[in-house]
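The values are calculated or read from the model by the stated rules, or taken from the named source; none is laboratory data. On a predicted model such as this, the values are computed, not experimentally measured, just so you know. Glycine gets a Cβ as well: all are built from the backbone with ideal geometry, and neighbour counts include every protein chain shown.
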Amino acid sequence: MAGEPYLIDSNVLIRWVQPGDPGFPAADTALDRLMIANADLCYTSQNLAEFWNALTRPADRNGYGLSPIEANRCAVSIEARLRLLPDLPAVHTEWRRLLVDYRVSGVQVHDARLVAAMRVHGVRRILTFNARDFARFDAIEAVHPQQMA
């Protein structure tokens with residue numbers, strides 16, 4: 001039986017497949033520890049979209065400059081190792097509620113959508129390099145990869 005579920009944020013997934021990234025050691029160590037603990041590692045379609053965007057965006061525009069074929073190889077690896085939390089109508093309903101209840105605006109709408117998926121699927125923890133982005137949401141614990149060291 002799988003252990004505690006964790007949503008793995010896009011910023012962790014990106015670094016996990018890029019050994020040359022300065023954040024790779026922390027991401028790799030944290031994910032190794034979660035796997036050893038038999039945690040249920042999860043992702044959403046939104047995570048994979050953000051992952052693909054960053055990997056295929058040119059390096060001079062804060063990306064990694066990978067081709068779609070290279071990005072696909074990385075995505076297939078993620079999909080094989082993590083469990084997809086499907087987009088359900090309930091995720092949309094929860095997301096809309098969170099936007100209003102927490103007065104979310106701007107780019108924070110994307111984080112609220114991840115929180116909505118977590119709530120609908122019963123996931124309480126997210127592994128992320130941006131823990132502060134999730135601090136406002138009740139019943140969600142944001143864990144920075146360095147906390148796993």
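Name the residue that is nearest to the chain's Cα centre (by Cα), counting only residues in segment 93-105 that are under 10 Å from residue 120 (Cα atoms) and surrounded by 14 or more Cβ atoms within 10 Å (Cβ to Cβ).
That would be 95.
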Does residue 70 fit the bill of being within 24 Å of residue 26 (Cβ to Cβ), in contact with a strand residue (DSSP E or B) (Cβ under 7 Å, 6 or more places away or on another chain) and modelled with pLDDT of 95 or more?
no
In segment 1-24, anything in a helix (DSSP H, G or I) and free of Cβ contacts under 8 Å to residues at least 12 places away in the same chain is listed as 24
Within segment 101-132, restricting to residues that are part of a helix (DSSP H, G or I) and of a type in the set (Lys, Arg), the one that is modelled with the lowest pLDDT is 132
Has segment 49-56 got at least one residue that is out of contact with any Asp or Glu (no Cβ under 6 Å at 6 or more places or on another chain), over 19 Å from residue 131 (Cα atoms) and among the charged types (D, E, K, R)?
no
Qualifying residue in segment 86-93 (condition: of a type in the set (Val, Ile, Thr) and closer than 28 Å to residue 22 by Cβ)
no
Would you be able to tell me the number of residues in segment 133-149 that are assigned to a loop (DSSP other than H, G, I, E, B) and surrounded by fewer than 19 Cβ atoms within 10 Å (Cβ to Cβ)?
7
Quick check on my filter: what residues within segment 90-143 are more than 17 Å from residue 40 (Cα to Cα) and in contact (Cβ under 8 Å) with a residue 40 or more places away in the chain?
110, 113, 129, 130
Segment 25-44 residues that are touching a residue at least 60 places away in the same chain (Cβ under 8 Å), paired with ones that are of a type in the set (D, E, K, R) (beta carbon under 6 Å, 6 or more apart):
27/15; 42/83
Starting from residues that are closer than 11 Å to residue 145 by Cα and small (Gly, Ala, Ser), keep the ones in segment 1-44 and report whichever is surrounded by the fewest Cβ atoms within 10 Å (Cβ to Cβ).
23
Total residues in segment 45-69, condition surrounded by 16 or more Cβ atoms within 10 Å (Cβ to Cβ) and within 19 Å of residue 19 (Cβ to Cβ)
7
Does any residue of segment 50-63 turn out to be assigned to a loop (DSSP other than H, G, I, E, B), at pLDDT 95 or above, on the phi < 0 side of the Ramachandran plot and of a type in the set (D, E, K, R)?
yes
